[in-house]
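Novice: Input: one structure, supplied below.
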Amino acid sequence: MKYAIPLILACTFSLPAIAKDSDGEHAVFGAGSEQCDTYLKARRAGPDASRPFVEWTFAYFSAFNVLVNNTYNIVGEREARDVMNWLDNYCGGSRRSLFVTAVADLTQRLYPQRANISPDSNNKEKWENLLEDAGKS
């Protein structure tokens, strides 16, 4: 048990590395494959132009929520505008980076403050079950 938590954390934070092929490459589709500069131009052009980037970002987060254990909502209590403003700042300093790189970096930064259980009335019971299950490991 003493080594289980550090091992789990190491595996969790290395997920992007695991998800690549033997050459360290992975396929990216849609808006994620665009450069940050393209994203910034779309943001300046307005909501209709930036919609593909916003939708792609939250689809990425939705997939993360489904695939990563103990994650209900990677965004936590942040608002969509906070997320997009962070991406604006990142991309402003890294215009040639791929948009997926910006979103992946943000995801790693959000992870420690993610919502890891749903906000319903059974949270106390869920925490007790999680702690009980963790004690069995």
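The values are calculated or read from the model by the stated rules, or taken from the named source; none is laboratory data. Since the structure is predicted, the reported quantities are computational estimates derived from the model, not experimental observations. Here the Cβ positions follow ideal geometry from the backbone for every residue, glycine too, while neighbour counts run over all protein chains shown. For the accessible areas, the whole protein counts, side chains as well, though only heavy atoms, and no ligand, DNA or RNA atoms are used. Shrake-Rupley method; radii C 1.70, N 1.55, O 1.52, S 1.80 Å.
Novice: Which residues, counting only those in the range 37-96, are touching a strand residue (DSSP E or B) at 6+ places or on another chain (Cβ under 8 Å), open to solvent by 70 Å² or more (accessible area, probe 1.4 Å) and closer than 30 Å to residue 120 by Cβ?
Specialist: Listed by number, the residues that qualify are 72, 77.
Novice: Okay, next question. Which one is farthest from the chain's Cα centre (by Cα), of the residues in the range 43-85 that are assigned to a helix (DSSP H, G or I) and among the polar types (S, T, N, Q)?
Specialist: Looking at residues that are assigned to a helix (DSSP H, G or I) and among the polar types (S, T, N, Q), I get 50.
Novice: Considering the range 27-42 alone, what residues qualify as being modelled with pLDDT under 95 and assigned to a helix (DSSP H, G or I)?
Specialist: 30, 31, 32, 33
Novice: Looking at residue 71, is it farther than 24 Å from residue 25 by Cβ and polar (S, T, N, Q)?
Specialist: So residue 71 passes the test.
Novice: Mind counting the residues in the range 92-116 that are more than 13 Å from residue 60 (Cβ to Cβ) and within 16 Å of the chain's Cα centre (by Cα)?
Specialist: The first filter runs over the range 92-116 and keeps only residues more than 13 Å from residue 60 (Cβ to Cβ), leaving 92-97, 109, 111-116.
Now drop any that are not within 16 Å of the chain's Cα centre (by Cα), which leaves 109, 111-116.
The number of residues fulfilling the criteria is 7.
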